[in-house]
Amino acid sequence: MERPVFELGMIFKSSQIFRKTVRIHVILDTRPIQLVKNFGKKVKYVCEKPCEWRVYASPMKKTTSYQIETILNKHSCMPTFNQLQINSTWIAEYYEKEIGMNPTWHVATFHKKIFNDLKCNISKYVVYRAKIRALMKINGTHSAQFDQVWDYAYEVKRVLPDSIVKILFKDPEPETESGRFMRMYVCMGPLKYAFTQFCRHLVGLDGCHLKGPFGGQLLAAVGVDSNDGMYPIAWAFVESETTESWTWFLQFLA
C-alpha cells in the first residue's frame, strides 16, 4: 500500500488501517481531502468543494473489518501545497527506516528531503518533532532504558560470570516506592583478563559529559594494547565528576 488505489468493495482489516491508507493517498496525491466527522461507525472522506471525490467505508457484520461501499475516484481540484493531513506522527512512521539509518540527520536536511518527496509546505518544528518521535521509537525512551539496568547487569553476569557490574541506588525518599538510580560500574570479564595478561600495565582515566535528558558523566579506564591502540578496561555512569564518584570508580577498578 505504498501508493494505494481505491476500488469499490475493497476490504480493510480495521478502520484504523483504512484511515491510514486514505491519509497516505491524500499526502502522496497532494489533494485537499478531509475526514467527515460524526458519521456514526462509517468512515467518510470527501474532497474540498466543488471537487466531488469521496470515499467511505462501513463495518462488516461479525468482524472488525471495513469495506468500501461508496467511491467516486476522480478529482476535479488542483493539487494543494498546504497539506493538513501531514503531522509529526505520520512523518516519524513514514521515514522511520531512513531516520534509523541516519540518526544524526540535520533537521534542515531532513526538511528539504520531505519537501522534495511530498511537495508540501511543512514547518521545521514539525520535522524536528518527527525525528524525535522516530528516534524514541527506535532507541526507546531514556526512562525505559534506566528501568532495564538490573536486567542488563543480570544478563552480563549470566553470559560472562567473571564480569563485575555494580549499581548504586539512592535510598527511597518519603512517600516513594523505589530509590533513585545514581551510578553503574561495568567491567567485562574477558576485557579484564586480556588486560592483565596481554596489555601494557598502563591505565588512562578520563570522564566526559553525557548529553541525554538526565545528564550525568561517563568515567572510563583505558589501556594500551600491543598494537598501540586504546583498550577499554572499565567504565561507569555517575551523576557528576567529583572526588567521591572517582573514588567509587577506582575502588572497583583496583
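The values are calculated or read from the model by the stated rules, or taken from the named source; none is laboratory data. Because the structure is a prediction, the values reported are computed rather than measured. Positions of Cβ are backbone-derived with ideal geometry, glycine not excepted, and every protein chain shown enters the neighbour counts.
Some points to look at:
- A153 falls short of the stated requirement of being of a type in the set (G, A, S), within 30 Å of N227 (Cβ to Cβ) and surrounded by 13 or more Cβ atoms within 10 Å (Cβ to Cβ).
- Elements of type helices (runs of 4 or more DSSP H) contained in the range 108-195, each with 2 or more residues being of a type in the set (D, E, K, R) and touching a strand residue (DSSP E or B) at 6+ places or on another chain (Cβ under 7 Å): none
- Inside the range 126-172, residues that are small (G, A, S) and either touching a residue at least 60 places away in the same chain (Cβ under 8 Å) or farther than 30 Å from I91 by Cβ (or both) make up a count of 2.
- Residue pairs whose Cβ atoms lie under 7 Å apart, separated by 6 or more positions or on different chains, with the first residue in the range 41-58 and more than 18 Å from I17 (Cα to Cα) and the second aromatic (F, W, Y) and crowded, with 18+ Cβ neighbours inside 10 Å, are C47/W53.
- Failed item in (1) outside the structural domain of F115 (by TED's automatic domain parsing); (2) at pLDDT 85 or above; (3) under 25 Å from V126 (Cα atoms), with V26 passing the rest: (2)
- In the range 91-123, the residues that are without any contact (Cβ under 8 Å) to a residue 24 or more places away in the chain and of a type in the set (A, V, I, L, M): M101, A108, I114
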